[in-house]
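No lab work stands behind these numbers, since they all come straight from the coordinates. This one's a predicted model, so the numbers in the text were calculated from it and none came from an experiment. Note that we place each Cβ from the backbone using ideal geometry, even for glycine, and neighbour counts take in every protein chain shown.
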Amino acid sequence: MFFSRKPKASSASTASPLRARWGDEVAARLSADPRLVRTPTDAASMFQCADFLDAAQCRSLIAVIDADRRPSTLLSGRAGTGFRTSESCDMDRWSPQVRAIDEAIAALLGIDPAHGETMQGQRYAPGQQFRAHHDFFNDRESYWPAMAASGGQRTWTAMIYLNDVPEGGATWFPRAGVRVAPRRGLLLAWNNMKPDGSPNDGTIHEGMPVVEGVKYIVTKWFREESWLKE
């Protein structure tokens with residue numbers, strides 16, 4: 001059964017019973033799934049699922065990224081040059097090849113697919129990176145009113161590596177002390193909130209520079225309220 005809540009969203013930076021419940025329920029679901037392993041850190045609620053996608057599914061998504069990639073952008077305008085140097089593309093969530101994967105991610109976490117943003121594909125060539133950042137929204141930023149009106153705060157993130165990378169390209173959580181190397185089909189999921197439902201700085205992470213090869217990933221973010229509008 002999907003978890004879906006409709007109460008009014010809290011301020012992005014404060015504790016929230018709604019987001020706290022999201023965190024507890026999804027973590028309990030993932031903990032009970034034998035396919036997943038909880039990442040050993042006290043800084044964040046984080047899980048890994050090996051071989052979530054098979055080789056054919058990964059190849060299919062890589063082809064979509066290569067066909068539609070563009071320079072990656074940022075919500076905040078305060079980051080300097082070189083902060084995020086990858087390329088990205090927004091997946092068509094209703095296309096058959098994307099929809100099945102998109103909804104499989106939501107089912108894994110037990111979240112109504114309507115709470116999920118458009119899945120984004122990312123490509124990192126040698127030397128490209130995404131410096132340390134957080135996925136949750138800051139209500140002191142100019143973007144917050146638009147985000148509040150389109151589903152509110154981000155709760156969970158799910159990231160899937162689409163290929164092995166010979167060297168570099170790890171996802172590094174410096175405050176959590178976790179480093180995950182790209183491995184084809186591996187899904188990494190984490191709660192961007194603390195147990196009380198406030199933003200968790202322990203989830204700050206970076207896409208480290210690729211040294212050899214090209215790194216492909218897809219990222220799916222979930223909101224506390226419905227992101228899709230009726």
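Less than 16 Å from a label point 7 Å out along the Cα-to-Cβ axis of residue 141: which backbone N atoms in the range 177-204 qualify, by residue?
192-193, 199-204
When the Debye formula is applied to the Cα atoms of the range 178-230, each taken as the same point scatterer, what base-10 log of I(q)/I(0) results at q = 0.16, 0.28 Å⁻¹?
For the range 178-230, the Cα-only Debye profile gives -0.70, -1.30.
As a test of the definition: which semi-axes, in Å, follow for the chain when you take the square root of five times each eigenvalue of its alpha carbon gyration tensor? Largest first, please.
On the way: eigenvalues 124, 79, 67 Å².
Over the Cα atoms of the chain, the ellipsoid semi-axes are 25, 20, 18 Å.
For the range 25-138, what log10 I(q)/I(0) values come out of the Debye formula at q = 0.17, 0.18 1/Å, with one point per alpha carbon and no solvent?
With one equal scatterer per Cα and no solvent, log10 I(q)/I(0) is -1.12, -1.22.
Identify the residues of the range 205-228 with backbone N under 20 Å of a label point that sits 7 angstrom from the Cα of residue 132 along the Cα-to-Cβ direction, or state none.
Answer for this model: 205-210.
Wrap a convex hull around the Cα atoms of the range 136-193, take a quarter of its surface area, and give that in square nanometres. Don't jump to the answer; show the numbers that get you there.
Details: hull surface 21.0 nm².
The orientation-averaged projected area of the Cα hull of the range 136-193 comes to 5.2 nm².
Mind ordering 42-48, 85-91 by average Cβ neighbours within 10 Å, highest first?
Values: 42-48: 20.0, 85-91: 18.0.
Taking the mean over residues of other Cβ atoms within 10 Å, the ranking is 42-48, 85-91.
Under a 5 Å amide H to amide H cut-off, with H placed in plane at 1.01 Å, what residues pair with residue 137 once short-range neighbours are removed?
Under 5 Å from the amide H of residue 137: 154.
Quick one, what does Rg over Rh come out to for the range 19-86 if you take C-alpha atoms and the Kirkwood Rh? All intermediate terms of the calculation are to be shown ahead of the outcome.
Values: Rg = 17.3 Å, Rh = 15.8 Å.
Ratio of gyration radius to Kirkwood radius: 1.10.
Once you have the Cα-Cα distance between residue 118 and residue 229, take 0.36 nm times their residue separation minus that, and quote the gain in nm to one decimal. Please report the intermediate quantities before stating the final value.
Details: separation 111, 0.36 × 111 = 39.96 nm, distance 1.26 nm.
Once the chain is fully extended between residue 118 and residue 229, it gains 38.7 nm.
Which three numbers, in whole Å and largest first, are the semi-axes of the equivalent ellipsoid of the range 104-230 derived from its Cα gyration tensor as √(5λ)? Provide the component values of the computation, followed by the final result.
Values: eigenvalues 131, 55, 37 Å².
The equivalent ellipsoid of the range 104-230 has semi-axes of 26, 17, 14 Å.
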